[in-house]
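The values are calculated or read from the model by the stated rules, or taken from the named source; none is laboratory data. As the structure is a prediction and not an experimental result, all values here were calculated from the model. All Cβ positions, glycine included, derive from the backbone under ideal geometry; neighbour counts span all protein chains shown. In case anyone asks, the SASA skips ligands and DNA or RNA and just uses the protein heavy atoms, side chains included. Shrake-Rupley method; radii C 1.70, N 1.55, O 1.52, S 1.80 Å.
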Amino acid sequence: MRIAITTPSGHIGSAVTHYVLEAGADVRLLGRRPEKLKQFADRGAKVVRGSQDDIDFVKWMTYEVDALLWVTPPGYGSDDLRGFQNRLGEVAARVIRENRIPRVGNISAIGGHLGSGVGPVNGLHDVERLLDAEAENIMHLRPGFFFENFLWQMDEIRSRRRICLPLSPSRRYPMLATRDIARVAADWLLDTRWLGRCIQELHGPVDLSCEDAAHAITEGLGQRIGYVKLDKPQARASMIAGGMSENAADLMLELYDAVETGRLKATEPRSPQTTTPTTLAEFAREVMAPMLTEPVTH
């Protein structure tokens, strides 16, 4: 089985690559930095340097594949994040049509049915629609908040023993590990029995508030971690200082507002299919704890 994977050096793409190689698939990786993918090349994956916005490259790498995993990169440095997402979605739609790719897995997000008022998810909604217009068989995975987002706050955790977001301490939302998203995505890509347009939300083991998250990280790290709610100007300044464009920071604030007001929420009931196994305490112990000894960058 031939599977093409975009963003293979990212959290989701790399884990999916591992799982499908383990299953014996013939894997093609579309990446800007092949040197980061040597571990997969050594296991037999075909790795070629190229950009996801290069239509000729993507078309070549996806020719005669049985399945494509499309992951839209974050694009947080873009001055027009939604435009960036749409441009990549247009590339995906065209290669799906021209190469007649039988099955497509797309990583979207909770709220992918909404086209406005939900920050970066607005653009993921657009990508869903672009791909739906061309794909005969497509699965949209709509996960919640990634545990990996807390890695952006490792300096705060190391230096001040806290996490900070512009959300009320008690507002709960689905949170999960990207490796669990990847496991589900890999299973869909390897399964040749499904047909049509499918949507599956992913909710993590349990919905968490920011206070819950701080308690779970405390458990995983063995150090007390607090939670501080940032006001919008503080949050915006922090995001821009971390490398986001002003446009991306404003869209992230829109997303947090949507979570806060309940506009952005899970629409599927929690079930065995939407509930993933990794807890935030496990993630903190396995992923965050080894990072505690790294130097503070500010």
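Taken across region 208-229, residues that are among the aromatic types (Phe, Trp, Tyr) and not in a strand (DSSP E or B) do not occur at all. For region 128-165, a residue qualifies if it is farther than 24 Å from HIS11 by Cα, touching a strand residue (DSSP E or B) at 6+ places or on another chain (Cβ under 8 Å) and of a type outside the set (Asp, Glu), and the qualifying residues are ALA135, ASN137, ARG161.
In this structure, does MET61 turn out to be within 21 Å of ALA185 (Cα to Cα), surrounded by fewer than 17 Cβ atoms within 10 Å (Cβ to Cβ), among the hydrophobic types (A, V, I, L, M, F, W, C) and out of contact with any Gly (no Cβ under 6 Å at 6 or more places or on another chain)?
Numbers: within 21 Å of ALA185 (Cα to Cα): yes; surrounded by fewer than 17 Cβ atoms within 10 Å (Cβ to Cβ): no; among the hydrophobic types (A, V, I, L, M, F, W, C): yes; out of contact with any Gly (no Cβ under 6 Å at 6 or more places or on another chain): yes.
Criteria not met by MET61.
Counting residues in region 199-214 that are among the hydrophobic types (A, V, I, L, M, F, W, C), under 30 Å from ILE101 (Cα atoms) and within 18 Å of the chain's Cα centre (by Cα) gives one or more.
Annotation for region 157-174: at least one member residue is free of Cβ contacts under 8 Å to residues at least 24 places away in the same chain and either open to solvent by 30 Å² or more (accessible area, probe 1.4 Å) or assigned to a strand (DSSP E or B) (or both). When each of ALA249, ALA241 is tested for being over 18 Å from SER168 (Cα atoms), of a type in the set (A, V, I, L, M, F, W, C) and open to solvent by 60 Å² or more (accessible area, probe 1.4 Å), the lone residue that passes is ALA241. Output yes when any residue across region 68-78 is modelled with pLDDT under 95 and among the hydrophobic types (A, V, I, L, M, F, W, C), and no when none is. Looking for residues that are modelled with pLDDT under 95 and among the hydrophobic types (A, V, I, L, M, F, W, C), one finds none in region 68-78, hence no.
Residues of region 1-36 that are buried (at least 23 other Cβ atoms within 10 Å of the Cβ) and either more than 18 Å from THR72 (Cα to Cα) or among the aromatic types (Phe, Trp, Tyr) (or both): VAL20, VAL27.
Restricting attention to region 112-122, report how many residues are within 14 Å of the chain's Cα centre (by Cα) and either buried (at least 23 other Cβ atoms within 10 Å of the Cβ) or farther than 18 Å from TRP70 by Cα (or both).
2
Among the residues of region 140-154 satisfying the criterion of being in contact (Cβ under 8 Å) with a residue 24 or more places away in the chain and part of a helix (DSSP H, G or I), which is surrounded by the most Cβ atoms within 10 Å (Cβ to Cβ)? So the residue we want is PHE147. Filtered by the rule that a residue be over 16 Å from ALA266 (Cβ atoms), out of contact with any Lys or Arg (no Cβ under 9 Å at 6 or more places or on another chain) and in contact (Cβ under 8 Å) with a residue 40 or more places away in the chain, region 196-226 gives GLY196, ARG197, CYS198, GLU211, ALA213, ALA216, ILE217. Of the helices (runs of 4 or more DSSP H) lying entirely inside region 1-71, the ones with 1 or more residues being touching a residue at least 12 places away in the same chain (Cβ under 8 Å) and closer than 24 Å to ASP132 by Cβ are found at 11-22, 55-61.
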